[in-house]
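Taken together, the values in this text are just the output of simple stated rules run on the coordinates, not laboratory data. Values in this document were obtained by computation on a predicted structure and should not be read as measured data. Here the Cβ is made from the backbone with ideal geometry for all residues, glycine too, and neighbour counts use every protein chain on show.
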Amino acid sequence: MRETRSDGDLLRAIAADGDRRAFEELYRRYAPWLGARLRGRCADAGIVDDVVQETFLAVWRGSARYREEGDVAGWLWRIGSRRLIDALRGDGARGRLRQALGRLRHRDEASAEERVLAGVEHGDLAGALVRLSPELRAVLQATVIDGLTTREASVLLGIPPGTVKTRALRARKQLREELA
């Protein structure tokens with residue numbers, strides 16, 4: 001029976017020798033978990049798959065250095081969440097334009113009842129949340145939806161606790177203004 005290597009052993013083997021088996025084991029151990037977490041932040045499966053691949057590619061290339069100060073899952077999450085924000089930023093304006101054009105092309109005039117039901121179901125809150133920047137949405141996701149403390153959100157997002165607080169305040173202010 002083969003002994004299971006620790007996460008730290010796997011990362012050291014990858015960094016030292018480019019050990020492909022260690023990399024594959026780390027990937028099998030964490031890729032499904034990372035994908036599931038990222039899908040909680042982004043509904044586009046294509047973007048999530050790309051971000052998971054980019055995260056592990058960064059590990060393989062050594063551009064993401066593990067400092068053995070925390071757990072590997074948290075470290076991979078920080079890399080993945082940053083890559084997701086970068087991906088969403090890059091697609092932001094172009095994606096919104098594509099969606100708007102798509103809605104215009106396939107536009108059917110909704111009945112008054114359908115508009116009312118859509119307003120109740122999706123409401124202004126959904127639109128206001130979509131209009132938040134990815135950074136502000138990520139902080140709200142971590143602190144409100146995931147229920148993390150400021151310190152936990154700071155570690156998760158890889159930003160200082162003060163930045164978490166500032167972004168949370170900005171997000172709440174923006175939501176209040178849009179919903180008023």
Percent of C-alpha pairs per 10 Å bin, segment 16-68, short to long: 23, 50, 23, 3
At most 16 other Cβ within 10 Å, DSSP loop - chymotrypsin sites (Phe, Trp or Tyr not before Pro), segment 1-65: none
